Every structure is written in structure tokens, then in C-alpha cells.
Amino acid sequence: MNKSVLAGFAVGTLLSFAVITGMNNGVTDGRAFANESNTYRQLNLFGDVFERVRAAYVEPTDDAKLVESAINGMLTSLDPHSSYMTPKTFRDMQVQTRGEFGGLGIEVTMENGVVKVVTPIDDTPASRAGLRPNDYITHIDGTQILGMTLSDAVDKMRGPANSSVSLTVVRKGVEEPFEVKLTRAIITIKSVRFNREGDIGYIRVTSFNEQTSDLLDNAISSLTKEIGASKLRGFIIDLRNNPGGLLDQAISVSDEFMDGGEIVSTRGRHAEDTQRYNARRGDVTKGKPIIVLVNGGSASASEIVAGALQDHRRATILGTRSFGKGSVQTIIPLGSDGALRLTTARYYTPSGRSIQAKGIDPDIVVNQTDPDKAKKAAAMGESSLPGHLSSDDGEEAAGSDNFVPKDKADDKQLLYAIDLLNGVRQDAAFLGGRTSSAMAN
């Protein structure tokens, strides 16, 4: 099965494109026959309700919308990341994975009937307007969101470039809702940005789209040339508030720093569905020390990278616990009727850790804010989403701080990483330039 993955409208949704060609309907005992009979009775009940609604509802109904709503209700009852995608939504998703789309530049999810901001994307109308992670959007152009699906809300926020939209925002710590006016733009996602911090290479990865691996390779090459291989002290890979993206790009990014070994595995309902992805030989950094920054907004593909490098002891993970989005959504095309996005697997780090509803715990915990304040304003991780897929071992963890200051001078996590690589600060958990492929016990 050919797999590639991208970030959807929900937090870092890890998606696997696949066409389902058949399924096992074998029935081996009387109990299975009874279950099948009960299923058909339930389907008959649905048909009866559908006909009653069509015939007796106070106003004429749209049959297609009724069926679409019923399908969405069935899927959203499973977990927050399964859903029906209309033909338009499916097309929009395919555009998004290419790294260019129209809109505001904001990653969102649905929580308690309103839209919750996961993170604004760098250098977009949303980030320039000052929207923050954990903001709640309650109205779009004065229209209440409560009762809309996430796709409907996203459609209302999108529109032609240079057109305007007004969002009503509720923010923790601010007493009254307030309005934010934005001008839509063509959002071109440059998923990798980099600069020199003295003799350290700083690389910010904002998402995992089709361009990410190539842009990362260029960033490493450019920084190595600019600083000089002999002077280069190491790299800081910033995955904070990165909601995820394409699985093949997460694998390629991990592969850049590894010299072999497993990167990630996905395990579904059946043992034969297990997939394992391995790194090729060759570390493009030549074993330079690496520090990966994560926080409560680092999800899905970001957690794959952090987990692989942590398990192989190839990088030091620094920051706060990641989001905990450890499930894979398979996209099942439905021809002209759009597509089905269905959670079909959990993913696991090389040592066999499931990240679902738990996240990646950093080797070095550095909070941006006072720990007590951070706890009160903690990011709502996967484990707090209503109806989330449980961890396979029953252990779950709450979300963590996802605040990143705009001013570098206030960024405690980044400054801590710079001090470690410069040798100004010592920490027993810092791996230095070790490149052992042996996984941590």
C-alpha cells in the first residue's frame, strides 16, 4: 500500500493515502451471524428515520446533506481525526500538501463546538494579526460557529486573496471576546527557515509538506558552508508548534541525521498491516551535535522525528512534552463523492513507544513560563480532546506549555540550547555529538 501523509485541519493529522479494494467478510459462527443480523436491523432503523425526516420535517430537506451529516456523525463519534471529506475538502487537502493554498494561514481543530487555534503559521495573515495557540474562534463575520462542522468553519475562513474576514476570538486571561480583522492571502508555506547563531546552525521546521526534506537539505548545506564544517558546533532543529504533515517527509527528515536503523512503525488492527520504515546509511551532518526543540504544539510528524532521534540517541530533545498525536488516518477516495478519512493505525517510535495521548517527554525540560502558570495555561494535548483514541497501554499525559516568545532574548528554550552547544552550560542529559544507533533502554 502506497503511503504518504499530511497535516489536515485537525491537529497534525497523520494521513495515509490508500485505496481500499476489499475487506474480509468471513463469518465463522452463529454469533457472527447474529451480529450481522443486528447490524442490518440498525441500518433499517436508519432508513426509517431518514424517511420520516424527509417526509415530516417542518421544511423541505436536502437528501445529500442529510446523508453527509449522518456519515460525519458516525465518523466523528470514533475519534477527533476521522471524518468525511466532501469533494471540495478533498481537493483543498491535496492543495495543502503541496505547500500552497488560499486562506489565513492557521492550523485549527474543533473543541466544544467552537474552533480552537492550534498554531498560526509563520508569516501569514493569522500570525501577523496576533492570533495565538489556544485562542477560541466563536464567530466568523458575525456568524456563530456553534453547530458548524470544522470543514464548514474552515470554508468560511477561506476565500479569495485580498478579501477580508472578521473573527471573534476568546482568549484565556482576556475578560471579553474581541474581534480580529484579517485580509486573506495566498498562503505559500515555506516549511523550513534557517539562520546562523554564531557557530550554530538554527533550523526552524514549521510543517511537513512536499518541500520540507529538500529545503532542510539545503539549509544544512548552506549553514555548513557559511559557518565552515570545522567551526560548526551543531544544529538546533526547532519543531515547536509544528502540527505535523507528510509521513514520508517525517521519515526523510529523520533520515538526514541518522546512519541507519528504524525510524517509525505503524500498527493497525491486524498484524499484517504493520509497516516499518528504516533510515539509509549516511548522516548529512557528519555526526554534529543536534538539539531538537519541542513543546505542547509539536504533533504527529514532529513527534515521529523527535521520537526516532531520541530513541537512537542521535539528538537531545529539549523543551516541554509534545502534543501526543500518535494515530494514522487513511484517506479512502470515494470517486466523485470525496473521500473518507479514517483512523487506521497507531505509530510507534523505534523502541516500541506509542505516542498516542502521551507525547514525547523531552530529555531536558525547559519551561518558557513559571511552571505553575504553565500548568494553568497548558496546551490542550491529544488526551484532552473529546473522544480521542486511547493509548494502547492505558497511560495518558496532559498537554504542556506551547508558548514561544517572539523576541529571541526571551526564548528560554532556544537560549538554553545555544548555551549547551557553545559549552557555556552543562547538562548530563546533553548527548553532544554522539551518533550511536543503539536505542535507549
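Remarks
- Within region 227-261, restricting attention to residues that are part of a helix (DSSP H, G or I) and more than 20 Å from the chain's Cα centre (by Cα), the residue that is surrounded by the fewest Cβ atoms within 10 Å (Cβ to Cβ) is I227.
- Selection from region 135-181 of residues that are of a type in the set (G, A, S) and either under 25 Å from D79 (Cα atoms) or in contact with a Gly (Cβ under 8 Å, 6 or more places away or on another chain) (or both): G147, S151, A153, G159, A161, S166
- Some residue of region 430-440 being modelled with pLDDT of 90 or more and over 25 Å from the mean Cα position of the chain (by Cα): yes
- Scanning region 392-429 for residues that are at pLDDT 90 or above and among the aromatic types (F, W, Y) yields one hit, Y416.
- Taken as a whole, the condition of being at pLDDT 95 or above, in the same structural domain as E210 (by TED's automatic domain parsing) and more than 19 Å from R314 (Cβ to Cβ) does not apply to E262.
- Residues that are more than 19 Å from S322 (Cβ to Cβ) and of a type in the set (S, T, N, Q), drawn from region 112-132: N112, T124, S127
- All positions within region 256-274 that are in contact with a Phe, Trp or Tyr (Cβ under 9 Å, 6 or more places away or on another chain) and not basic (K, R): F257, E262, I263, V264, S265, T266
- Counted residues, region 181-224 - those being in contact (Cβ under 8 Å) with a residue 12 or more places away in the chain and assigned to a strand (DSSP E or B): 19
- For beta carbons closer than 8 Å, sequence separation of 6+ or different chains, a first residue in region 151-179 that is in contact (Cβ under 8 Å) with a residue 24 or more places away in the chain and a second that is among the aromatic types (F, W, Y) and in a loop (DSSP other than H, G, I, E, B), the qualifying pairs are S151/F9; V154/F9.
- Strands (runs of 3 or more DSSP E) fully within region 59-153 counting 1 or more residues that are modelled with pLDDT of 95 or more and not assigned by TED's automatic domain parsing to the domain that holds I203: 136-140
- Residue in region 262-269 that is on the phi < 0 side of the Ramachandran plot and assigned to a helix (DSSP H, G or I) present: no
- Single match in R184, R196 (criterion: charged (D, E, K, R), over 28 Å from S222 (Cα atoms) and touching a helix residue (DSSP H, G or I) at 6+ places or on another chain (Cβ under 7 Å)): R184
The values are calculated or read from the model by the stated rules, or taken from the named source; none is laboratory data. Since this is a predicted model, take the numbers as computed values, not measurements. In this analysis, Cβ positions are derived from the backbone assuming ideal geometry, glycine residues included, and neighbour counts consider all displayed protein chains.
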